[in-house]
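Report on the following structure.
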Amino acid sequence: MEILFGTFIPYLALLVFLVGIVYRIIKWARTPVPYRIPTTAGQQKTLPWIKSDYLDNPHNTWGVIGRMALEVLFFRSLFRNLKTELRVAPKSPEKGRIVYWSSKWLWLGAIVFHYSFLTILTRHLKFFTEPVPFFVTMLESVDGFLEIYVPAVYMSGLALLLALGYLLLRRIVDSKIRYISLASDYFPLLLILGIGITGVLMRYFLKVDIIAVKELAMGLVTLHPTIPEGIGSIFYIHLFLVSTLLVYFPFSKLMHMAGVFFSMTRNMANNNRAVRHVNPWEYPVKVFSYIEQEDMFRKQMKKAGMPLERDIEE
Ligand code: HEM
């Protein structure tokens with residue numbers, strides 16, 4: 001069982017993860033995008049005296065890189081998310097009117113979740129590297145600086161659970177969001193919650209032999225898998241849930257991690273006014289002028305009562 005859960009399943013999961021991701025990326029990369037279809041939230045660059053919006057409507061690659069970086073690092077479009085509500089003022093004869101107002105909780109939940117996940121993954125590199133890179137040790141001491149418990153409590157672990165809890169409750173509590181939520185929305189949240197909870201249990205409550213875990217992890221990365229004695233079963237549960245996540249990843253909405261870079265409404269400069277874009281697959285087509293066409297079909301057109309440029313007698 002330990003060989004199955006400690007070696008076979010993790011390797012298989014990693015294989016499915018890598019092959020799946022490469023397959024989907026190649027498929028996306030080969031999809032033709034013959035025309036520029038950027039989202040145009042601001043004024044496109046045009047005549048010099050008309051003010052254009054460089055970030056919302058970038059006209060060159062640097063602008064695209066800037067817009068992309070803000071999206072990927074700060075979730076800018078989610079930050080600008082608005083809430084729409086029908087409001088009726090008290091004692092107002094009006095039936096109510098639509099108001100739009102700021103809604104930042106989803107953005108906050110998402111950003112806390114993603115950054116704590118990234119921090120935890122980076123910290124976990126200590127299991128898979130020897131010597132451990134300096135930034136991993138540094139991150140560990142910053143993350144655990146509170147020192148309110150032994151072992152030091154990592155803030156990222158708690159932040160991850162809190163953010164996941166919020167993201168899950170949001171789908172369950174709000175009837176509108178519950179209505180549009182599918183199994184594919186709940187499953188990754190619950191799965192990552194399971195990974196986080198087993199991790200926290202393992203670190204603070206059900207202690208496992210960390211030296212043995214490192215031995216197992218190093219065995220996996222150096223392709224000399226070993227199963228050291230006496231790692232608690234909670235570790236194998238943690239690892240199995242991580243393996244499940246790896247297998248699920250390429251076939252799920254989690255692929256937005258790669259997909260955001262392929263989003264053609266975001267990754268294209270909007271220079272439609274400055275540059276003429278010709279469809280690269282356009283093949284030479286024999287064209288007719290109108291009069292040549294009329295020459296070919298004059299009789300038929302006359303018979304059908306259609307107006308002619310030149311009549312048959314001419
Ligand atoms: C998606 C990937 C993973 C996530 C999100 C994750 C999450 C967590 C979390 C939240 C903790 C609690 C303590 C902390 O904040 O660091 C933890 C602990 C732990 N994880 Fe993971 N984990 C992942 C992958 C792995 C893998 C692949 C291993 C295999 C070596 C592993 C082994 C451990 C161990 C041994 C602990 C206990 C650490 C200690 O006692 O210091 N985790 N994990």
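Scanning region 175-196 for residues that are in contact with a helix residue (DSSP H, G or I) (Cβ under 7 Å, 6 or more places away or on another chain) and touching a residue at least 24 places away in the same chain (Cβ under 8 Å) turns up Ser184, Asp185, Pro188, Leu189, Leu191, Ile192, Leu193, Gly194, Ile195, Gly196.
Conditions (1) more than 30 Å from Lys214 (Cβ to Cβ); (2) modelled with pLDDT of 95 or more, marked per residue:
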site	(1), (2)
Val22	no, yes
Val33	yes, no
Gly42	yes, no
Val72	yes, yes
Ser102	yes, no
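For region 210-221, the set of residues classified as charged (D, E, K, R) and more than 9 Å from the ligand (Cβ to nearest atom) consists of Glu215 only. When region 197-206 is limited to residues that are over 23 Å from Val247 (Cα atoms) and more than 7 Å from the ligand (Cβ to nearest atom), the one that is surrounded by the most Cβ atoms within 10 Å (Cβ to Cβ) turns out to be Leu201. Residues in region 166-196 that are within 14 Å of the ligand (Cβ to nearest atom) and surrounded by fewer than 16 Cβ atoms within 10 Å (Cβ to Cβ): Leu190 alone.
One residue stands out among those in region 121-165 that are near the ligand (Cβ under 10 Å from one of its atoms) and not in a helix (DSSP H, G or I): the one that is modelled with the highest pLDDT, which is Tyr154.
Counting only residues that are within 24 Å of Ile21 (Cα to Cα) and in a helix (DSSP H, G or I), region 222-271 holds 24 of them.
Within region 61-102, the set of residues being outside any strand (DSSP E or B), among the hydrophobic types (A, V, I, L, M, F, W, C), out of contact with any helix residue (DSSP H, G or I) (no Cβ under 7 Å at 6 or more places or on another chain) and within 30 Å of Met257 (Cα to Cα) comprises Trp62, Val64, Ile65, Met68, Ala69, Leu73, Phe74. Considering only residues that are among the hydrophobic types (A, V, I, L, M, F, W, C) and either more than 30 Å from Leu220 (Cβ to Cβ) or surrounded by fewer than 16 Cβ atoms within 10 Å (Cβ to Cβ) (or both), which ones fall in region 13-27? Within region 13-27, Leu14, Leu15, Leu18, Val19, Val22, Ile26 meet the criteria.
Among residues of region 205-223 that are under 14 Å from Phe5 (Cβ atoms) and in contact (Cβ under 8 Å) with a residue 40 or more places away in the chain, those with a Cβ under 7 angstrom from a residue that is within 10 Å of the ligand (Cβ to nearest atom) and part of a loop (DSSP other than H, G, I, E, B), sequence gap 6+ or separate chain, pair up as Val213/Ile231; Leu216/Ile231.
Can you pull out the residues in region 188-221 that are part of a helix (DSSP H, G or I) and not aliphatic (A, V, I, L, M)?
As a first pass, look at region 188-221 and keep what is part of a helix (DSSP H, G or I): 188-205, 210-221.
Correct list: Pro188, Gly194, Gly196, Thr198, Gly199, Arg203, Tyr204, Phe205, Lys214, Glu215, Gly219.
Taking the condition outside any helix (DSSP H, G or I) and closer than 22 Å to Ala258 by Cα, does Pro58 pass? Against the criterion (outside any helix (DSSP H, G or I) and closer than 22 Å to Ala258 by Cα), Pro58 qualifies. Within region 127-150, the set of residues being in contact with a helix residue (DSSP H, G or I) (Cβ under 6 Å, 6 or more places away or on another chain), within 22 Å of Leu220 (Cα to Cα) and without any contact (Cβ under 8 Å) to a residue 24 or more places away in the chain comprises Val132, Val136. Pairs, please: C-beta under 8 Å, at least 6 apart or cross-chain, first residue over 15 Å from Phe205 (Cβ atoms) and in region 151-165, second of a type in the set (Asp, Glu) and near the ligand (Cβ under 8 Å from one of its atoms)? Listed pairs, sorted by first residue: Met155/Asp143; Ser156/Asp143. Might you check whether a residue that is of a type outside the set (Gly, Ala, Ser), within 17 Å of the chain's Cα centre (by Cα), closer than 29 Å to Leu108 by Cβ and in a helix (DSSP H, G or I) occurs anywhere in region 19-36? Yes, that holds for at least one residue.
One line per residue, one yes/no per condition, for (1) closer than 27 Å to Phe113 by Cβ; (2) at pLDDT below 95:
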position: Gly194; (1), (2): yes, no
position: Thr198; (1), (2): yes, no
position: Leu206; (1), (2): yes, yes
position: Thr226; (1), (2): no, yes
position: Ser233; (1), (2): no, yes
position: Leu245; (1), (2): yes, no
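The values are calculated or read from the model by the stated rules, or taken from the named source; none is laboratory data. On a predicted model such as this, the values are computed, not experimentally measured, just so you know. Positions of Cβ are generated from backbone atoms using ideal geometry, with glycine treated the same way; all protein chains shown enter the neighbour counts.
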